[in-house]
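The structure under discussion appears below in the form of structure tokens.
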Amino acid sequence: MSTTPDLIPILASSDEAALVTDIYNENQGPRKGIFLTFHQAHRLIEFHLPNKQLDQLFYFKRGYNNRVYLAHCADGSEFIIRIGGRFWDHTKIINEAQALSLARAALGNAVDVPLFVGTSVEESKVHTDKASRILPHDYIIMDRLPGVPLDTVWDDLSQQDKKTIVDQAAEIFSRLRSIELTTIGNFVQGPQNEPQVGALMEGGGGPFLRWGDFIGANIKKELRNLAKHESKFAEIMPYLPRIHALLDKVQSGLLEKQFEEKAKEQGEDTSERPITFLHGDFESRNILVVGTKITGLHDFEFAGGFPSEQEWCAGFEWLFARSEDPYDESEQQKMRDMTEDQKEIREYFMTTLKERHGMLPFGPGHQEYKVVLHHCQSNIAPWWLVDPDRNTWTEHQVQTLRTAAASLDKALTFLGC
């Protein structure tokens, strides 16, 4: 099998210490200290797929939260082994398994989603002593879907080919959004093994019936992170009284009422299904294509039942269609730097969603305050600065905190706090 710069062979003879030095060399972040050797992969395949024999193992040098490997077996079959980062546990695996079950039913023959063939959850029922586990980390083994990641070929496609793919992406998004839910949270396994909305994976709490309770829980989680890492985020501390004022407005329902009344006065459309199934990371790196055909959608690890604006704030950056944060300078600069071709594809996507599927993006003219609030939360205790010690920060990292503080100030003012 030929390799690429993103696909690195892991040999049976590879020295573990050399692998850690040469390949798994992060000194911070969720993948620090997380890795898989050929021997461990062989044992995983032997345990979960006893009729298969591992022949070759490759490491995908991509991603942020997980380590991803391609296992090529002697009979030609291939499987993906994904190891979860150190900040996650088996709840994320259970969430993804249940999300895939729902997605498969909604998507039908529109696009394939992965099938699980084994996870660390099943193994832990056999190897009950953690020391006897094949890996000390949670993992998923799934079938390999055909195609290549869209982000690896997108720039080389013609405008017409891009529109063909956008048509399919809009259809997929619409089908997933057709799954309406009544509570907010991530997925757990119900009493009859059915997907059921449960507590949030991050920060716990829930499931939530009200938008305000969900957003309030998120703000409280960020406040806990801020208190835990107060010495790192000195620039944020002056805004603490205003953040608490925002929390009160969110939990009381006053913030929603304030902006809904304003929208009605200005004739804006406020209609929206409040809670739907969301993929959680609808980006080109998670879309597989063969030519101009979308063949697969994967990475449902952050899926769940969420307010509709969440997907617009977390996805579609590949189309420059992520909801604009008017107070984030880097996001605004991206919009200013768009080429005419990029503007055309973005507009085509927006028009397709509106005219064919009846969906509006969140942002200017449509519940913009929810977009501002989403980004406001992430600037309270910026997650990308939590792990490294402040005395090791680069000048760029220091500047991102200053930008986060300035953005937080502007967002709080916009939200009336």
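Quick note: the coordinates plus some simple rules give every number you see, no bench work behind them. Here the structure is a predicted model, which means the values were calculated and not measured. Positions of Cβ are generated from backbone atoms using ideal geometry, with glycine treated the same way; all protein chains shown enter the neighbour counts.
Listed values, structure above:
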| quantity | calculated |
| --- | --- |
| Percent of Cα pairs exceeding the 12 Å cut-off, where the set is region 355-404 | 71 percent |
| Distribution of pairwise C-alpha distances over region 171-219, 5 Å bins, in % | 5, 20, 22, 22, 18, 11, 2 |
| Cα gyration tensor of region 284-364 - equivalent ellipsoid semi-axes, whole Å, descending | 21, 17, 15 |
| Where Rh is the Kirkwood radius over Cα pairs, Rg/Rh for region 81-130 | 1.05 |
| Charge-dipole axis of the chain as Lys and Arg at +1 and Asp and Glu at -1 on Cβ define it, positive-most pick from 77, 39, 247 | 247 |
| Region 7-144: translational diffusion in µm²/s, Stokes-Einstein, Kirkwood Rh over Cα pairs, 4 °C, 1.567 mPa s | 82 µm²/s |
| Estimated 222 nm signal from helices in the chain, with DSSP H stretches of n ≥ 4 weighted -39500 (n - 2.57), rounded to 500 | -12500 deg cm²/dmol |
| Rg and Dmax of the chain, Cα atoms only, in Å | 22.2, 69 |
| Positive-end residue, region 140-184 charge dipole about Cα centroid, Cβ charges, pick of 184, 150, 170 | 184 |
| DSSP-assigned coil residues among GluC sites (Glu not before Pro) in region 177-275, each with at most 13 further Cβ atoms within 10 Å | 230 |
| Virtual spin-label span in nm between residue 261 and residue 392, 7 Å along Cα→Cβ | 5.0 nm |
| Calculated SAXS-style log₁₀ I(q)/I(0) at q = 0.14 Å⁻¹ - region 223-355, Debye, Cα scatterers | -0.99 |
